[in-house]
Amino acid sequence: MFIRLENVCKHYQMGEVTITALDGVDFEIQKGEFAIIVGASGAGKTTVLNILGGMDTCDSGSVIIDGTDISRHNTRQLTSYRRYDIGFVFQFYNLMQNLTVRENVELATQISSDALDADSVIAMVGLSERIDNFPAQLSGGEQQRVSIARALAKRPKLLLCDEPTGALDYQTGKNILKLLQDTCRMHNMTVIVITHNQAITPMADKIITMRSGQVYSVVQNEHPVSIEQIEW
Amino acid sequence: MNTLYRLNRSNGNSKMKRFFKPTTKDTIREILKSISRFLSIFAIIALGTGFFAGLKSTYPNMALTANTYFREQNLMDMQIKSTLGFTESEIETITALRNVQRVEPAYTLDAFADTGNNSVAIMRCYSTDFSMLDDEESISTPLLVEGRMPQRKDECVMELGVFTSGQYDIGSTIQLFLEEDDIDDYLNTTRFTIVGIVTSPMYISFDKGSSTIGNGVVNNFLLLPIEVFEYEVYTDVFLTFKTTEGISAYDLRYDSVMDNIKKTMEDFAAEREQARYDELYNTAREELDKARAELDDGWQAYYQGIEDLENGIAAGRKTLEENERLLKESETAYGNGIKALTEGWEKFEAEKPGALAQLQQLEALVKAMEDAAAYLKTLTDEDVERFIETLDKIIPAIIIIPQGVKEAINEADIDWPDSFIDLINTDGPIETDTLIEQIFLLDQETRQAVFELLKETQYFGYIPEDIQDIVVFAGEYLLDELKDIKSKEELIQRLREVLGDREALIQNLEEMIAQLRKEIKSGYAQLADAEQALIDTEHMLRNSRRTLDEGWALLKQGYIDLEAEELSAQAELDAALAKLQDGEEAYSDGLKRLEDIPYPTWYLFDRADNSGYSSYIEDAERVDKIAIVIPVFFILVAALVCLTTMTRMVEENRMEIGTMKALGYSNGVIAKKYLVYAISASLLGSFVGLALGFKLLPVLIFNAYRIMYLLPDLMIPIRWDYAILCTAVAVLCTALSAYFACRKELLATPAALMRPKAPKAGKRVFLEKVSFIWSRLSFLHKVTFRNLFRYKKRVLMTVVGVAGCTALMYTGFGLQHAITSIVDKQYEDIFIYDAIGIYDEVIGQDEVATLRLQLQENEMITDYMMVLQKGVDVTNEKAKKSAYLLVPENAQELNGYINLQNRRVEERLSLPDHGCILTEKIAKMLDVSVGEKITVSLSDTAKFETEVAGITENYTMNYIYMSKEAYASAYKPVIYNSFILHMNDPTLSNELSTELLRNEEILHISYSTEGGKTFRDVVGSLNYIVLVVIIAAGALAFIVLYNLVNINVNERLREIATIKVLGFYDNEVGAYIYRETNIASVIGVLAGLLLGMPFKDFVISVAEVDSVMFAPGHYWLSFVLAAVLTFGFAIIVDIAMHFKLKKVDMVESLKSVE
């Protein structure tokens, strides 16, 4: 199994109150799967994302990614994990305003040992013509493409997307999801999308629904549909 | 929360509660939340105002301190010295001047005192009337630092100096002495107990001026009781004036008042000089006339004396000669007496035996007569008859005279009558009658002799015994009776007759005896008388001998006395003559001197002539000049820091401002928060900065200067003008920053404010056009460059702050190097001699020769040269500065001891035969160049003019070098007082000193290594100021950089979080952020180094003191240190920020744009 979470718990101490964010989360994701973690606000999906992305650690349980338990990693190991194994797509793109499209992608390729060529990745996301533009000169969708290009350029083992369409309009959001789905299919990339939008779940290979810090259901979708066929 | 809760509770009255409106609470919370931002504004304001207030108040505080000191000690306005001193009447004349407030005449004397190690110090002794010190008007009152004021004649107080502080302290005694003169001529007490330590407003500098004795440098001063001075005239007069009262010492008004007074006093001085000259001339004239009269009297007495002497001697000689003649006569008489006596004695002695014999004969005769008389009485007639019969029978008619008788008669020494002798010698029988006849023809005596002869012969025995007696008797006594007997019968007849009348015979005999006795007695008496007479004469002669001897002795003594008398009288006369001649000579000298009577010169000195008086305020002004530059710079940086900080703060609170606006708060209320925030930070900063700045900086700087000046503690009043100005500027500056920062936001609509601010668009920078560079840059560097140009304001602030910091540090280190490096340059490159010795310049030729020999033969000395070294004042029309004059014995060899070279053209200089070589600093101070004239004053009265022939590199002290030819032609032939030398082993200084100082003429030896050390200590004080500068610069750099990085990080939290999520390691994240500031820092450092060079030169030009020239030029290590230290501060900031970066939560990246 490529990704396996076993009994992952996470508590936050807020003053004198202990908030339980994750309360024994278990799920598995196969390599090359397109997984969607869906749930309402406060269901714990962002915590799962943080832990999967190496941005946070769990208090107990294990998080095994490609045979490595990252729950025991120290800060530096986690940084290396993020650097080499994870591609992250933010809701608000988080592009460097000061860098052009190419440079934003290069930001990732510079630190990665086995990076793709920045220009070809940009071509892949269809932004060759805007390669020398600054983010402020791009539309939201284009910026998110740059963000995806930046994530992909590192050749990550896992592409983590946090509400990738959250800041986008319907059509653009669809296009971005299509890009993610195509990337998964064409490059056999494991993609995990965190979203509160139940409507897009049919496009995933695996749908993990979370409620109150626990996995409510894990559904293996034997026949995922193309995003074009989904309407919401 | 807790803090606020407490805050509320502690201000628990209703008014305060109302005061803490929500907006106010919000402001307070804002401050507590962003305490580091608040502190950075606070700190930069504190630093700026502190520096400005501190540096700016240093000058007025220093002036105030000195002025208060001068006023309280009533520093003199003017000091007058006269070449001839001041008489009491002159003092009265001065006192009578209209403007004069008070006059204090005084005596001064420069004397030596031992300072151990066989070296001496020159002490300037001032007379002081210690009983007058309590008088408020007492001029230049010494300030007692320790101990008490003198109460007795042998007590004194000493100045709190550095030079003798090790040797002398309270309770120790100080023995003053002079070399050339006898100090007892000047002081009646020379040994004093030091009972107190004082400072004097006359000397606020350790430089006490120059002296005519010793090496010419006064080391310290003493105040001696006025009664110990044995002077006829006062040497100095100290004055205060009415019109200067109440005017501050360094006030310009004081100078203008004094200018007028000086003009008046100069006229007065000229008048008094003439009067004093006239007085002196007239007195001398009178004295000379008196002397003339006395001389004339003297001559008269002298000639009278000669005459008296001659007369007296002649009379004495005459008397003596008369006495001698008399003595000689007596001597002759005596001689005759002696001769007579001798003869008398001879005669006496010759006659005495005869006379005695005669007398004895007479006595025998008397005896015989007595016997005969006695015998006669015994004789009876029968006896007579028997005799006659016997006789008749025995006498034959014819007899043959036996041969024996014949021989006896012939042999007897008697002049026999021829008839008798013929008869006797007849051979054969002769008739008895013939014989008898013949016998009785003989005179009585001869008959007696014959009888005696007969008695002697054997033939007498033939006479019968019984008549022998009668025969003898008859033979002896009756021969007289029996005269003219011609026959035997007749004989017998006669015998019968005679013997028959024995009564007659006896009577006859007794008469004869009596007669004889009388004769004997008289004979003896005559004899004794004669002897007695001789003895008497002898006695008398002996007496007269004695008398004579005495007479002679007296005479001799008389002659001796006379001669002595003559000699002494002559000597007296000679002495009188000599004296008279001397008198004549003195008189003619006096006449000559009368023409040479010196015209007195008065020298007027004002406060500016006091050592240190002017330089002190000049030094203070230097601080003031620096004080303008540094704080202005600080305030500029402070303004920049405030502006960026406030701008950032407003940006962060954009949403809040929008919300407030939406809630309906007015712009003023909203802006108030930021204004209060900024103003409270700057007010607090100002208070702290002012408090520290006013108290610390002036004291620190003043204490550094106190190494050169003797003044009471610095007065540090709160300077409200500066305080208010500073605070106002600081508050205005921050308030304006805050206002400008929020103005734009306030003008925007709430809706626009509520929307996240569009990120500032990326822009291409000009560097991208230079593609060959841009393409070589990694994207991270590209980001850095883009960011640099994106946040221009911040970069500018960084550059300015860092540049300022670097410039200040460069100035600090450059200053330090400029100061410390001169020690090596001076004492290793320029003064290449090892030691200089000072000896007594008044010693004679022999001692100098001995000294030279001693130096020559000392094994520790490789070579030496005699020099004259003297503290002098150098003046031209522009300035007056003190320096050392140095005249070497051999101008060519001087370069072996002291390197004379022009620093600018690096050209060796040699001493010319005319003119002098000046050291660089004094030439600069006097603003003279080669070919111009200067005046060199050895004392107030001995000065000469010379031309500048060259300017030589030099750093410490000021020197004028002259060849002995130049000195001789400009002034007078040189008399050396020092020697400079090289040693085989410069570490053996103690040994050399011990050996050389055995020669009592050598007063002091100093080594250039020691000189370097001492100087190093003195300039070390300036390190304080350097340290202050470096600390200030560091603080500045730290605040600026920290603030900037802090803003940078806060503003780019999201960016940082993103790259963290992208997998940047912590150091890469750091580098990403720091690179900008580091590049800005590099630019700042480079700019700072460029800026630092002129700034350092400026600071040096204002900070330099008279006696020192700081090394010009720039030193690589100063650049390196300034740069490294600035980067050091940058790194400290980076490290501090590193932890903050680590704490940045990656979750930030998931949030929406603000």
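The figures follow:
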| item | result |
| --- | --- |
| Solvent-accessible area of B:Met1093 with every protein chain in place, 1.4 Å probe, in Å² to the nearest 10 | 50 Å² |
| Crossing angle, helix B:845-857 versus chain B [Cα axis fit, 0-90 degrees, rounded to tens] | 60 degrees |
| The stretch B:69-260, dipole about Cα centre (Lys/Arg Cβ +1, Asp/Glu Cβ -1), debye to the nearest 20 | 500 debye |
| Rg/Rg_ref, the stretch B:342-465, where Rg_ref = 2.2 N^0.38 Å and atoms are Cα | 1.37 |
| Kirkwood Rh and Cα Rg combined as Rg over Rh, evaluated for the stretch B:1055-1154 | 1.25 |
| Solvent-accessible surface (1.4 angstrom probe) belonging to B:Leu780, in square angstrom, nearest 10 | 30 Å² |
| For the stretch B:69-260, share of DSSP beta bridges that run antiparallel, in % to the nearest 5 | 75 percent |
| Too-long pairs where the Cα-Cα distance tops 21 Å, listed order kept, from B:Lys56/B:Lys924; B:Lys377/B:Lys483; A:Lys45/A:Lys206; B:Lys933/B:Lys972 | B:Lys56/B:Lys924; B:Lys377/B:Lys483 |
| Directionally averaged shadow of the stretch A:31-131, computed from the convex hull of its alpha-carbon atoms, nm² | 8.3 nm² |
| Nearby lysines by direct alpha-carbon distance to B:Lys579 (threshold 17 angstrom, same-chain neighbours under 8 apart not counted) | B:Lys290 |
| Whole-Å semi-axes of the stretch B:844-891's equivalent ellipsoid (Cα gyration tensor) | 33, 12, 8 |
| Residue (of B:Ile657, B:Gly668, B:Leu636) at the positive-pole extreme of the stretch B:591-726, dipole from beta-carbon charges | B:Ile657 |
| Alpha-carbon Debye profile of chain B, log10 I(q)/I(0) at 0.04, 0.05, 0.09 Å⁻¹ | -0.49, -0.61, -1.16 |
| Alpha-carbon spread of the stretch B:69-260, three principal axes, descending order, Å | 49, 32, 32 |
| Residues losing 20 Å² or more accessible surface upon assembly, the stretch B:1107-1154, compared with the chain by itself, 1.4 Å | B:Met1146, B:Val1147, B:Ser1149, B:Leu1150, B:Ser1152 |
| Two-decimal ratio, the stretch B:210-316, of alpha-carbon radius of gyration to 2.2 N^0.38 Å | 2.13 |
| Lys/Arg +1, Asp/Glu -1 at C-beta; the stretch B:401-546 dipole; positive extreme among B:Ile520, B:Leu441, B:Val498 | B:Ile520 |
| Over chain A - Rg/Rh using Cα atoms and the Kirkwood inverse-distance radius | 0.96 |
| Furthest towards positive pole of dipole, B:Thr68, B:Ala879, B:Tyr839, structure part the protein assembly as shown, Cβ charges | B:Thr68 |
| Members of the stretch B:768-796 that become less accessible by 50 Å² or more once partner protein chains are added (1.4 angstrom probe, chain alone as reference) | B:Phe779, B:Arg786 |
| The stretch B:497-587, dipole about Cα centre (Lys/Arg Cβ +1, Asp/Glu Cβ -1), debye to the nearest 20 | 660 debye |
| Interface size A-B, as summed buried accessible area [1.4 Å probe, Å², nearest 100] | 2900 Å² |
| Antiparallel bridges, percent of DSSP beta bridges restricted to chain B (to nearest 5) | 80 percent |
| Residue-averaged [θ]222 nm for chain A, counting only DSSP H segments that reach four residues, each worth -39500 (n - 2.57) | -9000 deg cm²/dmol |
| Nearest 10 degrees, 0 to 90: helix B:1022-1051 Cα axis against chain B principal axis | 10 degrees |
| Size of charge dipole - the protein assembly as shown - debye, nearest 20, with Cβ of Lys, Arg +1 and Asp, Glu -1, no other charges | 26860 debye |
| Probe 1.4 Å, protein heavy atoms only - accessible area per residue of chain B in square angstrom | 48 Å² |
| Shape category assigned to the stretch B:629-777 from the gyration tensor of Cα positions, a/c cut at 1.5 | oblate |
| Normalised alpha carbon radius of gyration of the protein assembly as shown [divisor 2.2 N^0.38 Å] | 2.13 |
| Tilt relative to chain B, helix B:720-747 - C-alpha long axis, 0 to 90 degrees, to 10 | 20 degrees |
| Largest to smallest accessible area among B:Tyr955, A:Tyr170 [probe 1.4 Å] | A:Tyr170, B:Tyr955 |
| Accessible-area composition of the protein assembly as shown, carbon plus sulfur, in percent [1.4 Å probe] | 54 percent |
| 1.4 Å probe, heavy atoms, protein only - residues of the stretch B:1056-1083 losing at least 50 Å² accessible area vs chain alone | B:Thr1058, B:Val1061, B:Leu1062, B:Tyr1065 |
| Reduced Cα scattering model of the stretch B:835-985, Debye log10 I(q)/I(0), q = 0.11 Å⁻¹ | -0.42 |
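The values are calculated or read from the model by the stated rules, or taken from the named source; none is laboratory data. Computed from a predicted structure; not experimentally measured. Every residue, glycine as well, gets a Cβ built from its backbone with ideal geometry; the counts of neighbours run over all protein chains shown. For the accessible areas, the whole protein counts, side chains as well, though only heavy atoms, and no ligand, DNA or RNA atoms are used. Shrake-Rupley method; radii C 1.70, N 1.55, O 1.52, S 1.80 Å.
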